[in-house]
Amino acid sequence: MRINNRLEALDENPFARLNALLGVISPAANVKPIPLSVGEPQNQPPAFLAETIAAYANTWNRYPPVQGTDEFRGAICDWLATRYHLGAARPDPVRHVLALAGTKEGLYLAVQLAVPETKAGGRPIVLLPNPYYQVYWGAAAMSGAEIVPMDAGPETGFLPDFEALPKDVLDRTAFAFLCTPSNPQGAIASKAYLARALEIARRHDFVLAVDECYSEIWDTAPPPGALEVTGGDFSNLLIFHSLSKRSSAAGLRGGFVAGDEMLISRLRTLRGYAGPQIPLPIQAAAAALWRDEAHVDANRAMYRAKIDLAEEIFGKRLGFYRPEGGFFLWLDVGDSEKACAALWREAAVRSLPGAYLAAPDAAGRNPGKPYLRLALVHDDELLAEALDRVVKVLA
């Protein structure tokens, strides 16, 4: 049987690789295993989420609009205008916003939409930060584009350097991913950085897709958003947001994409074929979450306390630094696979090698290899025990 040979270009899922690495190792037998490998929020969402779904139970029998309800998109536009101080530059709920079942499907579909057969006389390019969220790679591979990873290490402030790319690469670029705060490094792009990235996208006519899903989990200052640098002109720009981290509602699958009117219109058409409609009770609950900040403030405070705890335990060991955003530690352990295996074998702590989140260059150098990702998602007592074990084994 013949199938799409582009599947061969998909990289192996990092968690499948992790299972293969640790599956042949017996964890330390005298302690309870603690998973720090998955960024799944353990904080509970506010009670009104379930209450709202129950209140709209009479709408489960109705087909929802693909684009999202007026209330859902109105809540999003109100939130964006307030959060990013947009004023007259606020997006229009009809022309500039589209509901998503989480952001993964939107990130994937946007690439299928935006990558043409050829660009600048050659094979189109998709740029992605390196390390990267796996859907970036999968979307680019299935579009048939050439994938160009941009290393995002300490030398570039853990953000990709668009200005370092040759003109011929930028001319062939059809789509570029940017994540801020970055996953897993926790770096925040400044307004100047975002403005420059958007200017480059417009000059070379490609789509800049800014994944802002960790925007509401920050340490000292709220991260700027890409909409802030547009002046109301959203051309060449898409931004993606989700309730998974902001509201600890990963199972709700409540997200959206906003930006370029033409791209939003075409995405709406494409989702009509390939994307799931979001049930009306879930859209109602999502709208209520976007309109409430009290639970977000409390959620952020809990993550900040976890970072405080990690700083107290690690100090300056293992290259610890406070991430500006998000809830991951990105520790410099020398060899992330060896460190991950040792932690499981000696301390029953499950972590994720940074090498599994990044692509090697032509010389075989993987920028994620020295780093280990730890997700700070558990309650403080369990987290303290896990981090103490990490220090004892690795430091």
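The values are calculated or read from the model by the stated rules, or taken from the named source; none is laboratory data. Only a predicted model underlies this, so the values are computations on that prediction, with no experimental measurement involved. Heads up, the Cβs are rebuilt from the backbone with ideal geometry, glycines too, and the neighbour counts pull from every protein chain shown.
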Please enumerate the residues belonging to the stretch 201-230 that are surrounded by fewer than 22 Cβ atoms within 10 Å (Cβ to Cβ) and either part of a strand (DSSP E or B) or at pLDDT below 95 (or both).
-> 218
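Considering only the stretch 134-152, state which residues are assigned to a helix (DSSP H, G or I), over 10 Å from residue 177 (Cβ atoms) and out of contact with any strand residue (DSSP E or B) (no Cβ under 8 Å at 6 or more places or on another chain). Before the answer, list the steps.
At the first step, the residues of the stretch 134-152 found to be assigned to a helix (DSSP H, G or I) are 134-143.
Still in the running and over 10 Å from residue 177 (Cβ atoms): 134, 138, 141-143.
Those that are assigned to a helix (DSSP H, G or I), over 10 Å from residue 177 (Cβ atoms) and out of contact with any strand residue (DSSP E or B) (no Cβ under 8 Å at 6 or more places or on another chain): 134, 138, 142.
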How many residues of the stretch 313-335 are in a helix (DSSP H, G or I) and either under 18 Å from residue 34 (Cβ atoms) or in contact (Cβ under 8 Å) with a residue 60 or more places away in the chain (or both)? The answer is 4
Inspect the stretch 221-232 for any residue being at positive phi and over 16 Å from the mean Cα position of the chain (by Cα) and give the result as yes or no.
-> yes
Pairs with Cβ under 6 Å, 6+ apart, first in the stretch 376-389 and within 13 Å of residue 31 (Cα to Cα), second of a type outside the set (Lys, Arg) and buried (at least 19 other Cβ atoms within 10 Å of the Cβ) | 386/34; 386/36; 386/349; 389/347; 389/349
Are there any pairs, at least 6 apart or on different chains, whose C-beta atoms fall under 9 Å, with the first in the stretch 161-183 and closer than 13 Å to residue 209 by Cα and the second polar (S, T, N, Q) and buried (at least 24 other Cβ atoms within 10 Å of the Cβ), and if so, which?
-> 180/215
State which residue pairs qualify: first residue farther than 19 Å from residue 257 by Cα and inside the stretch 271-299, second residue of a type in the set (Ser, Thr, Tyr) and in a helix (DSSP H, G or I) in any location, beta carbons under 7 Å apart, and separation of 6 or more residues or different chains.
-> 281/59
Of all residues in the stretch 252-283 being among the hydrophobic types (A, V, I, L, M, F, W, C) and surrounded by fewer than 20 Cβ atoms within 10 Å (Cβ to Cβ), the one that is nearest to residue 384 (Cα to Cα) = 274
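I'd like to know if the stretch 296-312 contains one or more residues that are of a type outside the set (Lys, Arg), part of a loop (DSSP other than H, G, I, E, B) and either under 20 Å from the mean Cα position of the chain (by Cα) or not assigned by TED's automatic domain parsing to the domain that holds residue 67 (or both). So that I can check it myself, show each step before the final result.
So the first thing to find is which residues in the stretch 296-312 are of a type outside the set (Lys, Arg), and the list is 296-299, 301-303, 305, 307-312.
Keeping just the survivors that are part of a loop (DSSP other than H, G, I, E, B) gives none.
So far as the stretch 296-312 goes, no, none of its residues is of a type outside the set (Lys, Arg), part of a loop (DSSP other than H, G, I, E, B) and either under 20 Å from the mean Cα position of the chain (by Cα) or not assigned by TED's automatic domain parsing to the domain that holds residue 67 (or both).
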Flagged pairs (Cβ under 8 angstrom, 6 or more apart or on separate chains; first in the stretch 197-214, among the small types (Gly, Ala, Ser); second modelled with pLDDT of 95 or more and in a loop (DSSP other than H, G, I, E, B)) are 197/189; 201/236
Note on residue 52: of the conditions (1) assigned to a helix (DSSP H, G or I); (2) surrounded by fewer than 17 Cβ atoms within 10 Å (Cβ to Cβ); (3) touching a residue at least 12 places away in the same chain (Cβ under 8 Å), unmet is (2)
State yes or no: is residue 71 under 28 Å from residue 136 (Cβ atoms), among the charged types (D, E, K, R) and touching a helix residue (DSSP H, G or I) at 6+ places or on another chain (Cβ under 7 Å)?
-> no
Any hit, the stretch 372-391, residues being over 26 Å from the mean Cα position of the chain (by Cα) and part of a loop (DSSP other than H, G, I, E, B) | no
